[in-house]
1. So is B:Gln127 more than 14 Å from chain A (Cβ to nearest Cβ), in contact (Cβ under 8 Å) with a residue 40 or more places away in the chain, over 30 Å from A:Thr66 (Cα atoms) and surrounded by fewer than 15 Cβ atoms within 10 Å (Cβ to Cβ) or not?
2. Can you tell me how many residues within segment A:1-26 are within 7 Å of chain B (Cβ to nearest Cβ) and either within 10 Å of B:Leu242 (Cβ to Cβ) or β-branched (Val, Ile, Thr) (or both)?
3. Which one is nearest to A:Thr175 (Cα to Cα), of the residues in segment A:92-137 that are small (Gly, Ala, Ser) and crowded, with 19+ Cβ neighbours inside 10 Å?
4. On the given criteria, is B:Leu207 out of contact with any Lys or Arg (no Cβ under 8 Å at 6 or more places or on another chain), at the interface with another protein chain (Cβ under 10 Å from one of its Cβ atoms) and without any contact (Cβ under 8 Å) to a residue 40 or more places away in the chain?
5. For residues that are more than 12 Å from every other protein chain (Cβ to nearest Cβ) and part of a loop (DSSP other than H, G, I, E, B), scanning just segment A:58-89, find the one that is modelled with the highest pLDDT.
6. Does segment A:178-195 contain any residue that is out of contact with any Phe, Trp or Tyr (no Cβ under 9 Å at 6 or more places or on another chain), at pLDDT below 90 and more than 22 Å from A:Glu218 (Cβ to Cβ)?
7. Find the residue count for segment B:210-245, including only residues that are surrounded by 22 or more Cβ atoms within 10 Å (Cβ to Cβ), aliphatic (A, V, I, L, M) and touching a residue at least 60 places away in the same chain (Cβ under 8 Å).
Amino acid sequence: MKQRRFVSVPRPVLILLGLAFAAQIAFAVIQPRPQARAELLPSPPSAAVLGAISLGDPIPLAQLTTLWLQAFDNQPGISIPFLELDYGKVEAWLQRILQLDPRGQYPLMMASQLYAQVPDEHKQRRMLAFVYREFMADPERRWPWLAHATIMAKHRLKDLPLALSYAKALSDHATGPGVPHWARQMQIFLHEDMGEYETARVLLGGLLASGSVTDPHEIHFLLERLNSLNGVEKSSHSSEN
Amino acid sequence: MLSKVLTIARFTLLEAIRTRLLWIVLVILALLFLASLFVQHISVTETVRMQIGFLAATARMAAVLVLSLHLAGSMVREFNDKGVDLLLSLALPRGGYYAGKFLGFAGIAIAIAVLTALTLLPLAPSQGLLLWGASLAMELILVSALTLFCVMTFAQIMPAISFVVAFYLLARSISAVRLLSTSQLLAPSDWTNRAVARLVDTLAWLLPDLDRFASTAWLVDQSGALSTLAANALQTLVYGALLLGAGLFDLYRKNL
């Protein structure tokens, strides 16, 4: 149906439309920007409730929930907002997201790279422990996050026994072909850092003898390390004598 | 002129009563109340809080859907029955007809908001409920103005309701979308991220700020304030005028 011309619209209607439009823009501009507030993060619903909400397709819900959770911690104007969050709730949300989408890596990335970076040792440890627990559920896919946690435990927390326990878990459980050797070798170097040369030497020798390392450069590097460990051990024995 | 406008508004209200709209609303509210009892029953802690939250959110969504469906159905029927042609053949400007219809639907919106608030009265008898009910009434008035505009533009139920639902959901979630778009994790110096954030901001300016309306927190945490309600009222006035202007613009250009 052909419409009538513009002139058929009375002038007051056009004025109302123009004024209302201008008022809406002005009203919207003067409104404060929405800001995420740490205390507003609620507890997550149960996995069953989330399953029902997802209408049988949990992955999109997991992804939306992840982005929503992320909006709580990355807003401009909040200096170190992660620190203000209730980490019990954060952890519960991350766990729910992983339950909805177990193959998704995003929650573990957030735990190890974002939430574990706060200047609060207790919160850092809590997030690393979360990564460790979740690693155990799927080591072949989740090893990068535990490897990161190992490095954090060593360099940030200066907790070598904790780093060693994570590295040992990596070595013992992440054994698939997709896991690089360096991840499984971390425990050897941690033993070395802790002065446990004998253990490091045995593990390194075992690794080389197993034949799992095939790259000539890597074998050469590891042999060099083994030789230096042998040297350190000999010198320590001679100093004891 | 005013008496004719009020007559149209009165007949719009009468139509809602005769088509048993209010009974339908009551039945839906009763069903939702029963469902909220189930939610309360399966909750381990904060049982009443959970019940109020569930009932308030679902009742608000149901009120929006029922109102917009009734409005779209009523207007399309009037178009098809040539009732609009008949009315406009009388000594009544198009603006008067539109204003009468809007007043009638606004009255229905207020009635639905009152019934919804009364459903929550046994659970949250507080000042927060008053604020929530008033804010819901304003939200529904905006929804009725929006649906009226959409029916004028599309003249069919399906596209009109699709637009209303999409618009409503976007207006309710636009603040969350703005938060997501300004993430510091997304390299804010990158021009594509800045452009997306700017686009979302512009979109937010064009939408009513519906996520500040009828917040469940007002019921469960008593966090509502008169100043928020005043801001809601101003938003309703401004955006309502914009939608009325747009609807009138379309109606005056329509060849009947």
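1. Criteria met by B:Gln127.
2. Adding up the residues that qualify gives 9.
3. Per the criteria, the residue is A:Ser112.
4. no
5. The residue in question is A:Asp86.
6. Within segment A:178-195, one or more residues are out of contact with any Phe, Trp or Tyr (no Cβ under 9 Å at 6 or more places or on another chain), at pLDDT below 90 and more than 22 Å from A:Glu218 (Cβ to Cβ).
7. The total comes to 4.
For (1) assigned to a helix (DSSP H, G or I); (2) of a type outside the set (D, E, K, R); (3) over 27 Å from B:Thr119 (Cα atoms), each residue gets a yes or a no:
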{"residue": "B:Ala204", "(1), (2), (3)": "yes, yes, yes"}
{"residue": "B:Pro208", "(1), (2), (3)": "no, yes, no"}
{"residue": "B:Asp211", "(1), (2), (3)": "yes, no, no"}
{"residue": "B:Thr228", "(1), (2), (3)": "yes, yes, no"}
{"residue": "B:Val238", "(1), (2), (3)": "yes, yes, yes"}
{"residue": "B:Ala246", "(1), (2), (3)": "yes, yes, yes"}
{"residue": "B:Phe249", "(1), (2), (3)": "yes, yes, yes"}
{"residue": "B:Leu256", "(1), (2), (3)": "no, yes, yes"}
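The values are calculated or read from the model by the stated rules, or taken from the named source; none is laboratory data. Just so it is clear, the model here is predicted, and its values are computed rather than measured. Note that we place each Cβ from the backbone using ideal geometry, even for glycine, and neighbour counts take in every protein chain shown.
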